[in-house]
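Data block below; observations after.
The values are calculated or read from the model by the stated rules, or taken from the named source; none is laboratory data. Given the structure is predicted, the values throughout are model-derived calculations rather than measurements. FYI the Cβ positions are ideal-geometry reconstructions off the backbone, even for glycines, and counts take in every protein chain you see.
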Amino acid sequence: MRRIQLVGVLAGVLSAVCVVAAAQAPVKYEPSLESLNRHPLPEWYAGAKLGIFIHWGLYSVPGWAPLSHPEHDFRNVDYIKNNPYAEWYLNVMRVPGSPTQAYHREHYGANFSYYDFAPIFNRESKKWSPDAWAKIFHDAGARYVVLTTKHHDGFTLWPSTTVNPNPSIPQNERHAERDIVGELTAAVRKDGMRMGLYYSGGYDWTFNAGPIETPADYKRVEPQTQAYGDYAFAQIHELIERYHPAVLWNDIDWPKTGRAMQVEADYYNAVPDGVVDDRFGIKHTDFTSPEYTKLDAISPKKWEECRGLGRSFGYNRAEGEAETIAPADLIALLVDIVSKNGNLLLDVGPEDDGTIPPVQMERLRALGAWMTQNGEAIYDTTPWVRAAGKSNEGDDLRFTRKGADLYATILGAPKQRTVTIEDVAARPGAKVTLLGDATPLPVKAVGGNMQVMLPAQLPGRYAYVLKLAGYAE
């Protein structure tokens, strides 16, 4: 009898082990919308809130774009000629009469090819330190980094083995000499951050001469040949297999010949907790990616705003203090985005030798200092029942929550010594503090609202976070 019982117990244990193993077996994704749509949003991405975008490449050598068109309106013909995106240098230098064309001829001569910048970039990028970048981004408060591995010019920042069939570009001018992707990936992960990779699938100007001169040209220059589809498919698989990026960030579109659903299925099977953006041209995405745009309300779908610290993503030597977002505005932007279920992917545009311009470094330091004090109200939070509000004193407020705690961030300097939060009742025994100062603040009810008395000396700068402990239970 004991033997029979023992056999029964062992059978039960084995059965339980098999059930657990089956539950833990990795999901096999197939190239179909039904399968891809079963991919869950990873908790790390939902909670990360802040990433750093990097645009670095051949366009960083001239590092110039006009300042005459600050708005990012791609539908405007005048905008195309005055494109403020310095990473579009190759396209705009070929637009007749454009300021970029004039700049290029003045500084490099009419016969200097864009790809002649490759030897300069390779020489200067030898000075670059991936560890220094990783520390800067970590200290700024970022939890992930996304690097442009290939922009629209087709030049790759890793030693791609996929042969580009364009005979007009010398082989030694098609990719960086250093494995920039690999070196930065190692440095970022060493500092505890996730590493993502951008790839321009929709545009590759080595496959289409261009240029884009009118709004109608945006679609015309998207290469759709089988040769390009195979090329993009092979290159993005190089990135997946070599570097296992935590974010696969495609731009513009994906060639119809490039098997987008197969790309995403292969990616998820290689990196189950990875995420993809909404620019693959199919009806599947982990997050949407508005550019230089804010949302008016909480989005049920995860989203990520990408934007530069200035008007450009790539380095633009013409930009300075006036063109760069002010620290207070940058922090208010981050808080606003997070309150509406978004992440901020904030771009830096390094010079050709990897130097991050001083004006951008100043913003990163200010952001990092604020996040060190107030990151509790940002990281791993979720939206509250509403994102925005006003105090009775006229302060702009943004709300986030974490577990049972509610956070109300005052954007800018408080108008008065009190902050009366509308439609938030003052509960008996409520504990309210400012992040950066654990001293409980005096609270009283004013009608159905909560009035908080602020200290004479506020901790930190730019924006101030009230923590309402236990309020969101």
Tell me whether the stretch 56-77 contains one or more residues that are part of a helix (DSSP H, G or I) and surrounded by fewer than 23 Cβ atoms within 10 Å (Cβ to Cβ). yes
Condition test on A186, is it free of Cβ contacts under 8 Å to residues at least 12 places away in the same chain and among the small types (G, A, S)? no
Residue in the stretch 210-233 that is at pLDDT 95 or above, touching a strand residue (DSSP E or B) at 6+ places or on another chain (Cβ under 7 Å) and of a type in the set (A, V, I, L, M) present: no
Filtering the stretch 112-142 for residues that are assigned to a loop (DSSP other than H, G, I, E, B) and either hydroxyl-bearing (S, T, Y) or at pLDDT below 95 (or both) leaves a count of 2
Conditions (1) out of contact with any Cys (no Cβ under 9 Å at 6 or more places or on another chain); (2) not in a loop (DSSP other than H, G, I, E, B); number of the one not met by F53: (1)
Report, ordered by the first and then the second residue, all pairs with beta carbons closer than 8 Å, sequence separation of six or more or different chains, a first member in the stretch 259-275 that is of a type in the set (K, R), and a second member that is crowded, with 18+ Cβ neighbours inside 10 Å. R259/G229; R259/F233
Filter the stretch 175-192 for residues that are out of contact with any helix residue (DSSP H, G or I) (no Cβ under 8 Å at 6 or more places or on another chain) and under 21 Å from D352 (Cβ atoms) and give the result. H175, D179
Hits in the stretch 430-473 (condition: hydroxyl-bearing (S, T, Y) and surrounded by 14 or more Cβ atoms within 10 Å (Cβ to Cβ)): T433, Y462, Y464, Y471
Taking G47, is it outside any helix (DSSP H, G or I), in contact with a Phe, Trp or Tyr (Cβ under 8 Å, 6 or more places away or on another chain) and in contact (Cβ under 8 Å) with a residue 24 or more places away in the chain? no
Considering the stretch 442-468 alone, what residues qualify as being without any contact (Cβ under 8 Å) to a residue 24 or more places away in the chain and either touching a Ser or Thr at 6+ places or on another chain (Cβ under 8 Å) or part of a strand (DSSP E or B) (or both)? V443, K444, A445, P455
Test A404 against the stated conditions and say whether it is over 19 Å from D336 (Cβ atoms), of a type outside the set (K, R), without any contact (Cβ under 8 Å) to a residue 60 or more places away in the chain and exposed (fewer than 14 other Cβ atoms within 10 Å of the Cβ). no
Only one of F112, F117 is surrounded by fewer than 19 Cβ atoms within 10 Å (Cβ to Cβ), within 30 Å of A216 (Cα to Cα) and over 26 Å from the mean Cα position of the chain (by Cα); which? F112
When the stretch 82-107 is checked residue by residue, the ones that are of a type outside the set (V, I, T), without any contact (Cβ under 8 Å) to a residue 60 or more places away in the chain and part of a helix (DSSP H, G or I) are M93, P99, Q101, A102, Y103, H104, R105, E106, H107
Taking the stretch 162-192 and keeping only residues that are of a type in the set (S, T, N, Q) and within 12 Å of R242 (Cα to Cα), one is left with T185
Test V77 against the stated conditions and say whether it is of a type outside the set (D, E), in the same structural domain as E291 (by TED's automatic domain parsing) and in contact with a helix residue (DSSP H, G or I) (Cβ under 7 Å, 6 or more places away or on another chain). no
Can you tell me which residue is surrounded by the most Cβ atoms within 10 Å (Cβ to Cβ) among those in the stretch 120-133 that are in contact (Cβ under 8 Å) with a residue 12 or more places away in the chain and closer than 13 Å to S60 by Cβ? F121
Out of curiosity, is L309 within 29 Å of A232 (Cα to Cα) and crowded, with 22+ Cβ neighbours inside 10 Å? no
Cross-chain or 6+ apart pairs with Cβ under 7 Å, the stretch 351-375 first and without any contact (Cβ under 8 Å) to a residue 60 or more places away in the chain and under 15 Å from A326 (Cα atoms), then among the charged types (D, E, K, R) and surrounded by 21 or more Cβ atoms within 10 Å (Cβ to Cβ): none
